[in-house]
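The values are calculated or read from the model by the stated rules, or taken from the named source; none is laboratory data. Given the structure is predicted, the values throughout are model-derived calculations rather than measurements. Cβ placement follows ideal geometry from the backbone for every residue including glycine, while neighbour counts extend to all protein chains displayed.
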Amino acid sequence: MTLGLGIILVLIALIGGVCITTIGPGGIFVTIALFLLLDIDPATVAGTASVTFIGTGLLGSYAYLRSGQLATSTARNAALILSLTSVVGAFVGARLNTVLDADLFGLLLGGFVLMTGVIILVRERSRSRALEAPADFELDSPKGRLAMAGLGLAVGLPGGLLGVGGPVLAVPLMVVLGVPMLLAVALAQVQSIFIAAFAALGFAMVGAIDWGLAILVGIPLFIGTVAGWVIARRIDPTRLKTGLAFVLLALGIYMLSGAGTT
């Protein structure tokens, strides 16, 4: 790896870390960068990225516990349900990843990125046009607990399969359900610890983690997560979310267009 490429990876990880604690989706930029910029197999991409998400998940969870979003029993119970149901999917996804070739991995990752961008953009456009009247989602109701369990299962599998963590998909989906933005980000931080840990375990079992690379991108990702938590408490994240949606759409289209040429 050249010095210039290393610097680019560090900068992408730093930006991704900021996005993690401001708007949720952020770690996915690390996964995309590892896949597009380095000549490594899909399992090593996903395994290395998953390891870095353990630290950011712990830090993000602590930050939102301190700021109050995870201070209530309702929030903690929701985080527990969301996280535990993610475990099976994350481990299974990590094992399935080992049979993917680079083309199929790129196709799945590109489709996932594109879908996430669409989810975010549709949500923001509907809110701006007042086409919906969102109310806070009742996490402590039977319906709310069932929704969190289903969401955990749905997010865990792609999180482990593609090495994209949990917030990139969990946050937009929770916001669509009516969970307040900061609470959704906070819950996703806790969930990401479980997804990343069990995905990393699956990849470690087949030796698919580049520990040196994990340190290179993990440190700036961690620093960016701290900065993002500070920023999230001081700005309106609407413009950031809309901008992120267009970036993800462009990246998804780019990756899908080149999926069969690698």
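Some values worked out for this structure:
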quantity	calculated
Residue satisfying all of: in segment 35-46; in a helix (DSSP H, G or I) and of a type in the set (A, V, I, L, M, F, W, C); surrounded by the fewest Cβ atoms within 10 Å (Cβ to Cβ) among these	Leu37
Failed item in (1) surrounded by fewer than 16 Cβ atoms within 10 Å (Cβ to Cβ); (2) in contact with a helix residue (DSSP H, G or I) (Cβ under 8 Å, 6 or more places away or on another chain); (3) at pLDDT below 80; (4) assigned to a helix (DSSP H, G or I), with Ile235 passing the rest	(4)
Single unsatisfied condition, Ala147 versus (1) within 18 Å of the chain's Cα centre (by Cα); (2) crowded, with 18+ Cβ neighbours inside 10 Å; (3) at pLDDT 80 or above	(1)
Scope segment 154-183; condition over 18 Å from Ala90 (Cβ atoms), β-branched (Val, Ile, Thr) and crowded, with 24+ Cβ neighbours inside 10 Å; matching residues	Val175, Val179
Residue under evaluation Ile120, criteria (1) modelled with pLDDT of 85 or more; (2) under 25 Å from Val226 (Cα atoms), criterion not met	(1)
Residue that is surrounded by 22 or more Cβ atoms within 10 Å (Cβ to Cβ) and more than 23 Å from Gly16 (Cα to Cα), where the choices are Ala71, Ala94, Ala78, Ala49	Ala78
Matching option when the condition is in contact (Cβ under 8 Å) with a residue 24 or more places away in the chain, within 14 Å of Ala227 (Cα to Cα), part of a helix (DSSP H, G or I) and of a type in the set (Val, Ile, Thr), among Ile54, Ile32, Ile8, Ile15	Ile15
Close pairs (6 angstrom Cβ cut-off, 6 or more residues apart or separate chains): surrounded by 15 or more Cβ atoms within 10 Å (Cβ to Cβ) in segment 202-224, assigned to a helix (DSSP H, G or I) and of a type in the set (Phe, Trp, Tyr) anywhere	Gly202/Phe91; Ile209/Phe203
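Conditions (1) modelled with pLDDT of 85 or more; (2) of a type in the set (A, V, I, L, M), marked per residue:
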| position | (1), (2) |
| --- | --- |
| Gly24 | no, no |
| Ile28 | no, yes |
| Phe35 | yes, no |
| Pro42 | yes, no |
| Ile54 | yes, yes |
| Leu70 | yes, yes |
| Thr74 | yes, no |
| Leu84 | yes, yes |
